[in-house]
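Remarks on the structure that follows.
The values are calculated or read from the model by the stated rules, or taken from the named source; none is laboratory data. This is a predicted model, so every value here is computed, not measured. Every residue, glycine among them, receives a Cβ derived from its backbone with ideal geometry; neighbour counts consider all protein chains shown. Surface accessibility is based on the protein's heavy atoms, side chains included, excluding ligands, DNA and RNA. Shrake-Rupley method; radii C 1.70, N 1.55, O 1.52, S 1.80 Å.
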Amino acid sequence: MANALYSFLHSFGFAHPLHPVLVHLVIGPIIAALLFYLIGWLFKKPTLYTTARQLNVFALVAWFPTVTMGVLDWIHFYGAANIPEIRWKALGASVLLVLLVVNILLYKKIDKGSKIHLVLYLAAGLTVAFVGLMGGDLVYGSKPAVAKVTPVVAPTVTTQGVKHVSVDGFTLDYQVEGPLVHMKVSYKTTGWVGVGFGKQPVMDGAHIIIGYISHGKAVVQDDLGEGHYHASEQQFGGKSSLTDVSGTLVNGVTTLEWTMPLRTGNPKDIVLVPGQPVSVIFAHGGMDAKNLTSYHGPNGNTSTQITF
């Protein structure tokens, strides 16, 4: 059901998470409630306490769809991966729910101008600031769409003319034959492995080949990166350009092989030109990760630059 929702939205060109769209409905009222209550408390304006309470109620109502969308985003974009920032966000959201409910219930128990309400409003404001900080770390701090940059690696060339590159445990072999290039990528994992080619060492705009081994067979997808998200080329008006796809899982090492054109013909794919450098990003999922959308983690990706 969740995938159907995201696929429907993607058909209209919306490929982003839904949680950030709703989160302002919680953060905005909480900060405004704190300001209204603080002004009312400092300048003896009791009518502002009512405004603060109404904003508190609105934030409580908005908490439920916002958190629901957050969970769906976590499942869809991060494969429900156990990520520290998301654990902290979940804890903060739970604490926030308690603060909102307690503050509302106490309006019938204690004076509206009590310092207890002020403390609760302050606590709610600090909590949303913490949750926002964790969200910022998730998107920008660990940079899931920007790979760790490794210095340019000069490939070694075998006697058969195959170029070989090794970066942070990833290996890439490639050989150009006319308009085609034969490629092989490996990493020590029983989960998925991915490699992308683009003008910059980022997921956005990269031509990504990602796959895993299931029951001895390679499950490989031809994707395009867009922002912090990637999906099959078909969703961007293209088609799979991969042929002769195969793969193995031997001694805990996943290897994928394929052939593709240097010019795939897909509207957003980079054209690979012999002799010209191209940025390459590598990523891998957790052990036994068979979900091609699962998060690679803050240390699960790297990049370099090669020449075909």
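Overall, the accessible surface of the chain at a probe of 1.4 angstrom is composed of carbon and sulfur to the extent of 66 percent. For Lys268 and Phe130, a Förster radius of 41 Å and the Cβ-Cβ distance give a FRET efficiency of 0.60, rounded to the nearest 0.05. Reducing region 34-70 and region 81-118 to their Cα centroids gives an inter-centroid distance of 12 Å. Ranking of Ser294, Ser240 by solvent-accessible surface, largest first: Ser240, Ser294 (1.4 Å probe, protein heavy atoms only, all chains present).
Relative to its Kirkwood radius, the Cα radius of gyration of region 211-308 gives an Rg/Rh of 0.95. Put simply, when 43-51, 96-104 are sorted by average Cβ atoms within 10 angstrom per residue, most first, you get 96-104, 43-51.
Full extension of the chain segment joining Gln235 with Gln54 gains 60.9 nm, where the gain is 0.36 nm per residue of separation less the Cα-Cα distance.
Using a probe of 1.4 Å on the protein chains alone, the accessible area found for Leu105 is around 110 Å².
When the dipole is taken about the Cα centre of the chain, and only Lys, Arg (+1) and Asp, Glu (-1) are charged at their Cβ, what size is it in debye, to the nearest 20? So the magnitude is around 1340 debye.
By the equivalent-ellipsoid construction on the alpha carbon gyration tensor, region 64-139 comes out with semi-axes of 30, 13, 8 Å, ordered largest to smallest. Using a probe of 1.4 angstrom and keeping all protein chains present, the accessible surface of the chain works out to 50 square angstrom per residue. Remark on Asp204: its backbone amide H falls under 5 Å from those of Gly227, a criterion applied only to residues 5 or more positions apart or on other chains, H modelled at 1.01 Å from N.
Filter the DSSP H helices in the chain by two things, a Kyte-Doolittle mean of at least -1.0 and an axial alpha-carbon span of 20 angstrom or more, and list the hits by number. Result, helices passing both filters: 24-42, 47-78, 84-106, 115-136.
Binning the alpha carbon pair distances of the chain at 20 angstrom intervals from zero yields the distribution 30, 43, 21, 6, 0, expressed in whole percent. With the cut-off at under 19 Å, measuring from each backbone N in region 168-186 to a point 7 Å along the Cα-to-Cβ line of Ala154 picks out 168, 172-174.
Anything over 32 Å Cα to Cα? Flag those among Lys89/Lys239; Lys45/Lys89; Lys268/Lys290, in the order listed.
Lys89/Lys239; Lys45/Lys89
How much length, in nm to one decimal, is gained on full extension between Leu42 and Ala90, taken as 0.36 nm per residue of separation minus their Cα-Cα distance?
Working it through step by step, the gained length comes to 14.0 nm.
Taking trypsin sites (Lys or Arg not before Pro) across region 210-282, the ones in a DSSP loop with at most 16 further Cβ atoms lying within 10 angstrom of their Cβ are Lys239, Arg263, Lys268.
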